[in-house]
Amino acid sequence: LMQNDQPRLAAEAYSGVPEGDDLRAGAQMQRAEALQAMGSESAAINALQTLAAARPDLALVQAALGDALRRAERHEEAIAAYDRMLSLVDPDEPRYWFIYYARAISHHQSDDWPPAEADFRRALELNPGQPNVLNYLGYSLVEQRRDFDEALNMIEQAVAARPGSGYIVDSLG
C-alpha cells in the first residue's frame with residue numbers, strides 16, 4: 001500500500017497487527033511512517049512515543065522517535081531519544097555513525113555547539129570520509145570562523161565524494 005501511494009490504507013493495515021504479536025513493534029513503526037507520509041507529523045510522533053514507552057528496550061524504536069522529533073524540530077526531545085538509543089547498543093559499532101550525526105544536528109540546532117562538534121567528530125571516527133558529516137562539520141567551522149584549513153579540507157573531501165550534490169558543492173563556494 002505504501003508503494004502504491006496509499007498511506008492511509010497502509011496505516012490502517014498496520015494498526016490491525018494485534019498486541020502481543022511479534023510483528024507489532026515493526027508494524028507500529030511502519031504505521032508511524034505512513035502517518036508521516038500522510039502529513040500527520042504529530043500523529044506519527046505520538047505513535048512512536050507510545051511504542052517507545054511500551055518497548056523501551058528496542059533501540060530501533062528510540063532511533064525512529066529521535067528522527068521524527070528532529071524532523072519536527074523538537075531537538076531537545078530528539079537528543080533524549082538518541083541518548084536512549086545509544087544506551088541500548090554498543091555505541092562503538094560503525095553502523096551507528098548516523099545516530100551521532102543526527103544527534104549532532106539536534107545539538108547544533110539547539111545552539112549547543114560543543115556536544116554537536118563532539119558528535120560530528122564521533123560520526124567521522126565511525127564512518128571516516130562520510131560526505132554529509134564532513135560537509136556539515138566543515139561548513140559549521142567556517143560559519144564559526146575557526147579551523148579554516150581543517151574546514152576546507154573536510155568540504156573538499158565531501159565534494160570529491162559527492163560532486164553532484166548541490167548543497168555540498170555550495171559549501172565549497
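The values are calculated or read from the model by the stated rules, or taken from the named source; none is laboratory data. Just so it is clear, the structure is predicted and the values come from calculations on it, not from any experiment. With ideal geometry, Cβ positions are generated from the backbone for all residues, glycine too; neighbour counts draw on all protein chains shown. Please note that ligands, DNA and RNA were not included when accessible areas were found on the heavy atoms of the full protein model with its side chains. Shrake-Rupley method; radii C 1.70, N 1.55, O 1.52, S 1.80 Å.
For this structure, a couple of remarks:
- Computed helical MRE - 222 nm, the chain, DSSP H runs ≥ 4 contributing -39500 (n - 2.57), nearest 500: -22500 deg cm²/dmol
- On a per residue basis, the chain carries 54 Å² of accessible surface, using protein heavy atoms and a 1.4 Å probe.
- Exposure here means at most 13 other Cβ atoms within 10 Å; with GluC sites (Glu not before Pro) in a DSSP loop as sites, the longest stretch of the chain lacking them is 74-173.
- Judged by the ratio a/c of the largest to the smallest principal axis of the C-alpha gyration tensor, segment 87-159 counts as oblate, that ratio being 1.5 or greater while a/b is no larger than b/c.
- E150 paired with D83, simple spin-label distance in nm, labels 7 Å along Cα-to-beta-carbon: 2.5
- Across the alpha-carbon atoms of the chain, the computed radius of gyration and Dmax are 18.1, 56 angstrom.
- Most fluctuating residue given options M154, M38, M29, as computed from a GNM of the chain linking Cα atoms under 10 Å: M38
- The C-alpha atoms of the chain define a longest principal axis, and helix 148-161 lies at about 60 degrees to it.
- Rounded to the nearest 10 degrees, the inclination of helix 59-71 to the longest alpha-carbon principal axis of the chain is 70 degrees.
- Segment 22-109, accessible surface, carbon-and-sulfur percent (1.4 angstrom probe): 50
- Nearest-10 value in Å² for the accessible area of D170, using the 1.4 Å probe: 110
- Å³ per residue enclosed by the Cα convex hull of segment 90-129: 54
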